[in-house]
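The values are calculated or read from the model by the stated rules, or taken from the named source; none is laboratory data. All values derive from a computational prediction rather than experimental measurement. In this analysis, Cβ positions are derived from the backbone assuming ideal geometry, glycine residues included, and neighbour counts consider all displayed protein chains.
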Amino acid sequence: MRTSVGGPFSFYHDHRGGNVLALGLGYIIANKMSRPVKQLIEASAQVSQGNLAPVIGPISKSEIGLLQKNIQRDVDLSSGKG
């Protein structure tokens, strides 16, 4: 039988490591998911400033990848590459 040391907040103290791990993994996953979007935002800003050869970045395998391919195709057509 387990005895509670620390009163009503002992559950929190027992799982601090798991909470830190969950926060760390959440940060890593969110950063990985938002990186292609940030690259597309930067590329669209470059196009609006006249650069018709922006760096789109590596093409993702998600729905963002489809958007990346479409933007790359549009940029290629605008610059005469397509």
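Return the pair list, or none, for Cβ contacts closer than 7 Å from residues in segment 47-69 that are touching a residue at least 12 places away in the same chain (Cβ under 8 Å) and part of a loop (DSSP other than H, G, I, E, B) to residues that are basic (K, R) and loosely packed, with under 13 Cβ neighbours inside 10 Å, at least 6 apart or on different chains.
Sorted first by the residue in segment 47-69, then by its partner, the list stays empty.
Among the residues of segment 1-22, which ones are surrounded by 10 or more Cβ atoms within 10 Å (Cβ to Cβ) and at pLDDT 60 or above?
Passing the criteria: D14, H15, N19, V20, L21, A22.
If you take the residues in segment 70-82 that are of a type in the set (D, E, K, R) and in a helix (DSSP H, G or I), which one is modelled with the highest pLDDT?
R73
Being aliphatic (A, V, I, L, M), modelled with pLDDT of 90 or more, out of contact with any Lys or Arg (no Cβ under 7 Å at 6 or more places or on another chain) and closer than 24 Å to K81 by Cα narrows it down to one of A30, A45, A53, so name that one.
Criteria check complete, one pass: A45.
Are any residues in segment 70-82 free of Cβ contacts under 8 Å to residues at least 24 places away in the same chain and surrounded by 12 or more Cβ atoms within 10 Å (Cβ to Cβ), and if so, which ones?
If the condition is that a residue be free of Cβ contacts under 8 Å to residues at least 24 places away in the same chain and surrounded by 12 or more Cβ atoms within 10 Å (Cβ to Cβ), then Q72, R73, D74, D76 are the ones that fit.
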